[in-house]
Structure formats: structure tokens, C-alpha cells
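Worksheet: the structure to be examined is printed underneath.
What follows draws every value from the coordinates through simple rules; no lab data is involved. Source: prediction; values computed, not measured. Glycine also receives a Cβ, built like all others from the backbone with ideal geometry; neighbour counts cover every protein chain displayed.
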Amino acid sequence: MFILIFLILGILILVLQTTFLQLLPAWLGNPDILFLLIVYISCQADILRGLVVILLLGLLMDVFSGLFLGLYPVIYLLVFAFIKGISRRVAINEFAYQVPLAVVSYLFVSIGMFLFSLSLAPDIPPQWSWGTIILQLLMLAVIGGPVFGIFDSIMNFYRSLSATGRLPGTKSANRFK
Amino acid sequence: MNRSMRKRGKHSRQIRFFLLFGCLLTAILILIISMAGRKEFTAPHKFGLEVIGPFQTAVSKVSNFVGGFWEKYVALLHVREENKQLRQELLQYKTANIEYREAVATNVRLQKLLELKESLPPPTLTAEIVGKDPSLWFRTFTINQGSSDGVQKGMPVVTVEGVVGQVLTSSPNYSKVLLATDPNSAIDVMTQKTRVQGIAKGLGRDAFALHYVLKSAEVEKGEYVLTSGLGGVFPKGLMVGTVSEIRKSRRGMFQNIEVKPAVDFSQLEHLIIIMKKYSLTED
């Protein structure tokens, strides 16, 4: 059920991002809410479910963005691995850490994408625009709090459903039962 | 005793974590590598596009309605409408003028040896943009026509203003279009007045770089750049843009020429797909 809920949420965000949010003026940037969802899932989900959702969202993102299939699954999985690696040392599933983490991850992903584009077309180097990148990072920092809040409430809703046992096929957290 | 057991338990948990993580990552990487580098959609990708496409269409229509309402009725009610109409008229005149110039130039160059056929437009298909690439690094669109309508990979996509791009891949009802301004796009072009040929490559922003133009070639600033028809993808004579900057560096054989696109890519809504991939002047 976790996979289904967050997959549907991801699809809704993807649709919004490719349609409605494109109407925003250029100076406001194009907020990557799907990336915030990837970060949130990486922080909150267990490895198996997180990997499945992230892989599916990466494959879907491939359909609507870019030229090369497989690029987004790789990027999202690297973000997932990076965050899971950090989470073993720092309690990043706490709200206060998530926004800075999303911003830092986005910066790394942008650098990775830049290098990838550079390797594809070395004769026309892609333009690294600090203005655009900083605008995107600022945008993520500003909307990160409220968006993570919404994701949290969805996660709480899912947990409450699981806890009350209303979801078919969900197991109790009590191992000694 | 207890401590050592706890420590061993912690170690085994860590090993299990890394084993599980490693196995999953390996499996997924194998899956990704098997399809990496491909540009053609596989069945799951097509399925994804088909499922999400209708949602995109619906949201896109609502967004366009809201955006259109705001633009047309709330902000600058009459002025914007009049301006839009005047711009459309100006565009029509510009297009007519370019077509006329192109026809005259072709006639003179061939010294009336060939009779310029009244070039009937090849079969075309109108499409609407239902989604835009959200990434900063790629420039693609999703349109609401697909392989069931006859759309195939490589078909040129244009507007009244000029070249937009070409079809990258398609599912039965939707297609992905690579914009001409994407760095992975290249179009055979020539300048209208001086007939210098080159290749227009996207710069990832609203500009093209005109490649392989020798320093000895004479290109003028403000000159129109049109498709040359070479390469067999774009028909000859479609407007690409105007020469906006010319630089001749001391090194190298070629000039550095920048071209301003004729199409305003931020204002695109409806597109025309040219179903025939050959030149307008060819049979």
C-alpha cells in the first residue's frame, strides 16, 4: 500500500510539474517537487519499498524528461543510496534535516547532470548557470518545509490506516504476536 | 558476554543491511544498464506514457484555460488582445515575405532551368502540447499525437514561425518531441542571402550555434537561416532563425555564428507535424 500511495502521489506531482507548474514565470524557477518526494521517501521508507517506488518514479520520469532511458532511475537511486548512507550516522528522518539534505542533494544531482551533458556534447558544452541553479535551490528551500509537511501528513495517514488494520494485507508491527 | 553477543548481533545486522542493499542495487543496475543509452521507448515506458498522458492532457487544458483567462481577461484586458492580433498579422506578413524571398533566390540561382513547382505541403498533422520537460538540462515536449495517427520517429515538427524540432519517440497516442534548441539536436541549414551551408545545433537556451561555416564564407548579421533540405529530415526552406552574432576567432577554420530562433519556444501551444520527411521541392 505504501508503494501504491507514494507512486500515485509521484504521478500526480509529475503531471503537475509537466503542465501547471510550467506556467510559472521563468524568474520564479521551476520547482522540482518530485525531487523533494524522492528525498522524503529516501529518508522515511525502508530499503525495499523505497527502492521500488524510487525505481518506478525514475522510469516514469524517463518517459517525460530527457533523451536517454535509464538516466533518472540511476540518479534517483544514487540519491537514495546517498541519503540511506547518511541516515546510518545522522537522524535525517527528522524534519529539520530534510530541507538542507534536499538542497544539497539537488546541487549534487545538478552537477552530475551537467557532467553527463558535457560528456554527451563536448563541442557544445552545456551552460552552467549559477543564477538558475541558485534559484532552484532557493525554491526548494522555500517550498521544502510545507511540501515535506504535506508528505508527512500523507505518511501519518498511511501509518494510521496500517495501525488500525484497515488495510488488507498489512502486518502488525508486533513481532512477538 | 552479553555485550559481545550484542556486538555480534549488531555486526550481523550491518552485514545483512549491506548484503541486501548491495543485492538490490546490483539487480536494479543490471536492469538499468540493459536499457541504458536507448532512446526508443520500451513497452513499460509506452504504457506509462499512455496512462499518464490523459491526465497531462486534462491538467494541461485546465492550466491553459486558467492561464489564458488570466492573460486575456484579467491582465490588460484589451491591450493584450490587440497586441496578440497585431503580432499574428506581423508574423503572417513576415512569413509571406520570407517565402517570397526564398522563391526568388531559388529561381535566380537555378537560372530558370528548373521550374519551381507549386510546392504543395506534404500531409501534415496538428498536435497540441500536453506536457513540457521539467528538467533544466533537456528540452522536450509531450504532444497528443502518436504512432496510431502515423507519427514516427524523426518527423519534423514546425509552427507557422518555423522549425520547432523533431519527433524523438512515440507511443500509440502520444509522442515526445526533441526541441531544436536542445544540445542533442542538429539541423542542416543555409543562410538565405549568401547561401552558406552549415549545421545548426541547439545551445540549450533560446539560441543555435551555426557550425562548420568557413572563415572565408560571407555571412551577414540579420540574415535569415533556413533548412537546407539536406539530411532528408526537414523539408527545404523552413525558417530556423536569424543570424544574431558573428565572431571570427584567430584560431580554427570556422566562424562562430549564433542564430536567434524564429520560434518563441515559451509560447508554443499547437504544432504541425510534417508526415513526409522529404524536401518540398522533391517529388
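Observations
- Rg and Dmax, both from the Cα atoms of region B:40-277 and both in Å, are 19.2, 57.
- At R0 = 45 Å, FRET efficiency that the Cβ-Cβ distance of B:GLN85 and A:ILE3 yields, to 0.05: 0.30
- Under-5 Å amide H pairs with B:LEU168, H placed in peptide plane, nonlocal only: B:GLY154, B:LYS176, B:VAL177, B:LEU178
- Helix runs (DSSP H) in chain A reaching 30 Å along axis by Cα, Kyte-Doolittle at least -1.0: A:95-120, A:130-163
- Table column - 3J(HN,Hα) (Hz), region B:87-96, Karplus curve with 6.51, -1.76, 1.60, x for Gly and Pro: 5, 5, 4, 4, 4, 4, 5, 4, 4, 4
- Taking B:VAL243, A:VAL109 and counting other C-beta atoms within 10 Å, the order from fewest to most: A:VAL109, B:VAL243
- The translational diffusion coefficient of chain A, from Stokes-Einstein at 4 °C and 1.567 mPa s with a Kirkwood hydrodynamic radius over alpha carbon pairs, comes to 75 µm²/s.
- Shown in residue order for region B:248-258 are the 3J(HN,Hα) couplings computed by the Karplus curve 6.51 cos²θ - 1.76 cosθ + 1.60 at θ = phi - 60°: 10, 7, 5, 8, x, 8, 10, 7, 9, 10, 10 Hz (x for Gly and Pro).
- The ranking of B:THR126, B:THR181, B:THR142 from fewest to most other beta carbons within 10 Å of each one's beta carbon is B:THR126, B:THR181, B:THR142.
- A DSSP coil position with no more than 16 other Cβ atoms inside 10 Å describes the following chymotrypsin sites (Phe, Trp or Tyr not before Pro) in region B:202-283: B:TYR212, B:TYR278.
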